[in-house]
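Computed from the coordinates by the stated procedures, all read-outs in this text should not be read as laboratory data. Computed from a predicted model, the values in this text were never measured in an experiment. Please note: Cβ atoms are built from the backbone with ideal geometry, for glycine as well, and neighbour counts cover all protein chains shown.
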Amino acid sequence: MKIVLGADHAGYGLKEEIKLVLQQEGIEFIDVGTLNGEESVDYPDYAEAVARKVASSDFDRGVIICGTGIGVAIAANKVKGVRAANCDNPVSAKFSREHNDANVLTMGSRIIGPEIAKEILRAWVRAQFEGGRHARRVNKISEIEERSGVS
Ligand code: RB5
């Protein structure tokens with residue numbers, strides 16, 4: 001599995017901390033920034049960078065962190081083919097994979113601590129989409145995109 005990571009200034013520190021989990025899980029990843037620590041940046045820029053790489057199929061999944069996880073989720077979900085789930089607990093993270101086939105995980109560094117973030121990420125990378133009735137529902141999400149003309 002190949003993952004693309006991104007964060008704004010608020011998420012920078014947590015982005016650095018969760019890399020350890022990806023290394024432990026043996027997952028290949030790249031970091032599209034921010035690479036400038038806590039210097040202020042705009043979260044949609046990093047959300048779009050991650051989302052485009054996931055949508056292009058160059059990467060299987062993406063992880064994006066901002067202060068709340070909300071702004072980056074909203075932005076990433078504007079890119080066709082992206083299903084970003086903002087999770088603050090491992091159960092939601094697991095279901096976001098199993099039922100929603102979420103291909104982007106977002107988290108909020110001002111909402112959760114690093115240990116729970118690592119648990120969430122572990123649960124998310126280990127869980128698989130269940131397909132079946134869930135595939136029909138996820139297809140309906142794609143149909144909404146088609147009707148809305150998002151790209
Ligand atoms: C940045 O201050 C903050 O607004 C951003 O990280 C994020 O929480 C937005 O949703």
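Among the residues of region 73-90, those that are aliphatic (A, V, I, L, M) and surrounded by 18 or more Cβ atoms within 10 Å (Cβ to Cβ) comprise A73, A75, A76, V79, V82, A84, A85. Scan A47, A93, A55 and give me the residue that is surrounded by 22 or more Cβ atoms within 10 Å (Cβ to Cβ) and farther than 16 Å from K15 by Cβ. Exactly one of A47, A93, A55 is surrounded by 22 or more Cβ atoms within 10 Å (Cβ to Cβ) and farther than 16 Å from K15 by Cβ, namely A93.
For first residues located in region 95-120 and more than 19 Å from M1 (Cα to Cα), partners that are of a type in the set (S, T, N, Q) and within 15 Å of the ligand (Cβ to nearest atom) and lie 6+ apart or on another chain with Cβ distances below 8 Å form the pairs M107/N86; G108/T68; G108/N86; R110/T68; I111/T68; A117/S109. Of the residues I30, I70, the single one that is among the hydrophobic types (A, V, I, L, M, F, W, C), more than 14 Å from K2 (Cα to Cα), surrounded by fewer than 23 Cβ atoms within 10 Å (Cβ to Cβ) and out of contact with any Phe, Trp or Tyr (no Cβ under 7 Å at 6 or more places or on another chain) is I70.
Please determine, by comparing only the residues of region 44-76 that are part of a loop (DSSP other than H, G, I, E, B) and closer than 19 Å to V125 by Cα, which one is nearest to the ligand (Cβ to nearest atom). Out of the qualifying residues, it is G69.
Restricting to region 7-29, name every residue that is within 12 Å of the ligand (Cβ to nearest atom) and under 15 Å from the mean Cα position of the chain (by Cα). Matches in region 7-29: A7, D8, G11, Y12, L14, K15.
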